[in-house]
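One structure is given here, and the rest of the page talks about it.
Nothing in this text is a laboratory measurement; each read-out follows from the coordinates by a stated rule. Just so you know, these numbers come straight off a predicted model, no measurement behind them. Ideal geometry is used to build each Cβ from the backbone, glycine not excepted, and the neighbour counts take in all protein chains shown.
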Amino acid sequence: MTADGSRDSTGFEEFARAYQRRLYRTAYLLCGDAESARDLAQTTLAKLFQYWHRASKADDPAAYARTVLTRTYLAERRRRLRDFLAHSRVDAPRPSVGPELTVTLLTALAELPPRARAMVVLRYWEDLDVRTVAELLRCSESTVKSQCSRSLATLRTRLGDPCLYTTRS
């Protein structure tokens with residue numbers, strides 16, 4: 001707040017302009033589709049704006065934003081799962097695997113549980129160290145290591161032979 005009681009949004013606007021594309025890319029990997037990713041990125045920016053006085057004082061506002069994004073994603077997934085379980089007992093159809101590597105990878109990622117997916121995206125896409133991912137997700141470093149190991153094994157099984165995706169016929 002400024003002296004006249006209004007919010008000082010100049011710093012936030014600069015941050016949002018500079019960082020929104022990165023937030024969207026991470027959100028896309030977490031959500032798996034463009035519309036949900038846009039919603040998640042916008043929700044994250046709205047939360048950051050609401051608490052910009054706190055976020056701007058953080059050592060790394062980008063890390064603060066990533067934390068908000070990840071926790072918002074996980075909370076939304078938990079809410080959707082609760083709603084789904086409360087209203088339906090039908091098994092969801094498995095998504096088909098597309099011909100392109102991007103579609104194939106996104107489909108395989110979508111089959112991971114939300115928390116495991118978040119760990120894989122943060123650890124290997126965002127290139128965060130184990131300690132940082134553990135702090136973001138409020139769990140132990142050993143949990144991050146074991147979940148990432150299991151998730152990568154699952155992805156390898158689902159994706160099959162890596163030569164299929166790296167060579168062209």
Suppose we look only past 16 Å in the calculated P(r) of the stretch 22-61. What percent of the Cα-Cα pairs does that tail hold? 40 percent
Net charge contributed by nearby residues that have their C-beta within less than 13 Å of Ser149 (K/R +1, D/E -1): +3
